[in-house]
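The values are calculated or read from the model by the stated rules, or taken from the named source; none is laboratory data. Everything numeric in this text was worked out from a predicted model, so none of it was measured. Because the Cβ atoms are built from the backbone with ideal geometry, glycine has one as well, and the counts that use them run over all protein chains shown.
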Amino acid sequence: MHLEYHVVGRDFQAAGGAAAKIKRTLRQIGIDAETARRVGIVAYEAEMNIVIHAYRGTVGIDILPERVNIYADDEGPGISDIALAMQVGYSTAPEDIREMGFGAGLGLPNMKRYSDELEVESQVGSGTSIRAVINLPTKEGS
């Protein structure tokens, strides 16, 4: 199954909606609550990074028998130092975003924490692509 949602930069009214739909769909098709929660967190952080930092982008998932692949691609300023951006608390969010309670520098670290695999590729002046994998629990006795 494939789900994809378009995300608009600075659209805080819709922010988090794609991640909520993804999590809800996973639960409806029988994915366990903990895995759905982890996917929801990674998708939410990716979505919020687009809303905060980019002009536009997409967030989506591919559900496979053994894993959920999460992806986010944006058109934005890109990340000049990915290693620095992976540090808890590091943020390039402008002050007006921080005043709204966003941009605390937890997005990429949370994506790493809740995924089994995470790849971040970025080109300054062009945008960022994120690929995450969350493995589905194996069924006992299968």
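Within the bounds of region 4-22, is there any residue that is closer than 21 Å to R113 by Cα, part of a loop (DSSP other than H, G, I, E, B) and modelled with pLDDT of 95 or more? Please lay out each step first, then the result.
Going residue by residue through region 4-22, those that are closer than 21 Å to R113 by Cα are 16, 18-20, 22.
Within this subset, residues satisfying the condition of being part of a loop (DSSP other than H, G, I, E, B) are 16.
Subset that is modelled with pLDDT of 95 or more: 16.
Yes, some residue in region 4-22 is closer than 21 Å to R113 by Cα, part of a loop (DSSP other than H, G, I, E, B) and modelled with pLDDT of 95 or more.
Using the structure shown, decide if I82 is within 19 Å of L3 (Cα to Cα), at pLDDT 95 or above and not charged (D, E, K, R).
No.
Could you grab me the full set of residues in region 63-117 that are of a type in the set (S, T, Y), outside any helix (DSSP H, G or I) and within 23 Å of K23 (Cβ to Cβ)?
So the first thing to find is which residues in region 63-117 are of a type in the set (S, T, Y), and the list is 71, 80, 90-92, 114-115.
Add one more test, that the residue is outside any helix (DSSP H, G or I), and what stays is 71, 80, 90-92, 115.
Within region 63-117, Y71, S115 qualify.
Do we find that D73 is surrounded by 15 or more Cβ atoms within 10 Å (Cβ to Cβ) and free of Cβ contacts under 8 Å to residues at least 60 places away in the same chain in this structure? First the steps, then the outcome.
Working: surrounded by 15 or more Cβ atoms within 10 Å (Cβ to Cβ): yes; free of Cβ contacts under 8 Å to residues at least 60 places away in the same chain: yes.
So D73 fits the description; yes.
Could you please find all residues in region 94-117 being touching a strand residue (DSSP E or B) at 6+ places or on another chain (Cβ under 7 Å) and buried (at least 19 other Cβ atoms within 10 Å of the Cβ)?
L108, M111, S115
When only residues in region 1-11 that are within 16 Å of D74 (Cβ to Cβ) and over 15 Å from the mean Cα position of the chain (by Cα) count, which is surrounded by the fewest Cβ atoms within 10 Å (Cβ to Cβ)? Please lay out each step first, then the result.
Keep residues of region 1-11 that are within 16 Å of D74 (Cβ to Cβ), which gives 4-11.
Pick out the ones that are also over 15 Å from the mean Cα position of the chain (by Cα) and you get 10-11.
Details: R10: 15, D11: 12.
Here the answer is D11.
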